[in-house]
Amino acid sequence: MSGLPVRVGFLACETTLPGSPIRRSDAFEHDLQVAALAPALAAHGIGMVELDWVGPLESFTGIELVMIGTSWNYQDRQEEFLTRLDTLAARGIVVCNPPEVVRWNIGKAYLRELAEAGAVTIPTLWPDAAGPEDIARAFDHFGCDRVVIKRQVGAGAMGQEMFSRAAPPAAGWRFDRPAMIQPLQHAIREEGEYSFLFFDGAFSHAILKQAQPGEYRIQSMYGGSELAITPEAGQVAAAADVIAKLPFPAPLYARVDMLRLDDGRMAVIEVEMIEPYLYPEQGPQMGEMLANGIAQRIG
Ligand SMILES: Nc1ncnc2c1ncn2[C@@H]1O[C@H](COP(=O)(O)OP(=O)(O)O)[C@@H](O)[C@H]1O
Ligand SMILES: [Mg+2]
């Protein structure tokens, strides 16, 4: 304990909180983010505590701002999560990112809105459900040989499938929830996927995530790896353009994930503004940037 007045809560969950008997093996990401943020806040005279987002409301007494950190179990309890954020906001707690930003960001339909606003996105079909005929149509629609189908509400590549004309889905295959179908972008295997971190709209750092040979998913679960990079100015500008096209002011934190289209342009694959991993090790200034934004919000 720093002895400083605790004014900020870092929202976590039972599988990420330190000391939990059911802690996930990847909860070290929680520790790295806390280790980046807590000392930076302390330099502002602000104490921070890690809190279970489902914890009793009394645990939020005295808290002026919460940052959604590693509430990784919210995926299965979205309504409860949104209600909790609303409840905290109604108690006068500054919620970062705000509930309306979280609501906008929870389903990937926001990518349509960004595309309409002129952002470069991956061409996408949006069926409410899909069968083999939708995949067959997608090959023709996009004029491609491989497509990816994924959930409109999802993360970590869960439920995602890839099909080729040579290996289409079986006759009885169904995708039973709102889906997105996209042509598989070659760049994912040849170059990788970029993440650009922004704090209050200011660019902080970038990383390149690469899949292991033979795989197209860059997630560490599938053997992917990441490295810090110094992006070209044009790449940062492309990511900043996505931030500029959000229908609200740039939030405290945002991660713009991008990959290169065949024509060379950088396209947004997703913008994470709920609980993105912020890659603190690749951006040593991240804690300070976040702490400045937090201090501004609570005076
Ligand atoms: N159209 C695509 N082309 C190439 N790779 C893709 C495509 N869509 C998804 N992927 C791969 O699958 C991963 C997960 O997809 P993504 O859209 O980021 O969803 P989420 O991370 O929310 O599960 C990406 O990081 C990428 O490796
Ligand atoms: Mg992703």
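Scalar couplings 3J(HN,Hα) for the stretch 162-168, obtained by applying the Karplus form with A = 6.51, B = -1.76, C = 1.60 to θ = phi - 60°, are 10, 10, 10, 4, 6, 10, x Hz; x denotes Gly and Pro. Inter-part distance, the stretch 244-291 to the stretch 123-149, computed on C-alpha centroids, equals 27 Å. Put the Cα centre of the stretch 211-234 next to the Cα centre of the stretch 91-106 and the gap is 29 Å. Arg260's amide H: which non-local residues (gap 5+, or another chain) put their own amide H closer than 5 Å, with H modeled 1.01 Å from N in plane and none for Pro or chain starts? Amide H neighbours of Arg260: Ala267.
Loop only per DSSP, at most 15 neighbouring Cβ atoms within 10 Å: give me the trypsin sites (Lys or Arg not before Pro) in the stretch 67-160, ordered by residue number. Don't skip to the end; give the middle numbers.
On the way: sites: Arg77, Arg84, Arg91, Arg103, Lys108, Arg112, Arg137, Arg146, Lys150, Arg151; in loops: Arg91, Lys108.
Taking the stretch 67-160 and a limit of 15 other Cβ atoms within 10 Å, the loop trypsin sites (Lys or Arg not before Pro) found are Arg91.
Where the only charges are on Cβ atoms (+1 Lys, Arg; -1 Asp, Glu), what is the dipole of the chain about its Cα centre, to the nearest 20 debye? Write out the running numbers ahead of the final one.
Details: 24 positive and 38 negative charges, 36 e Å.
Here the chain has a charge dipole of around 180 debye.
With neighbours defined as other Cβ atoms within 10 Å of a residue's Cβ, the residues Val101, Val271 order from fewest to most as Val101, Val271. Relative to the Cα centre, the charge distribution of the stretch 1-111, modelled as +1 at Lys and Arg Cβ and -1 at Asp and Glu Cβ, gives a dipole magnitude of about 160 debye.
By other beta-carbon atoms within 10 Å, ranking Thr230, Thr15 with the fewest at the front produces Thr230, Thr15.
All of the numbers you see were taken from the coordinates with simple rules; none came from a lab. These figures come from a predicted structure and were not determined experimentally. In this analysis, Cβ positions are derived from the backbone assuming ideal geometry, glycine residues included, and neighbour counts consider all displayed protein chains.
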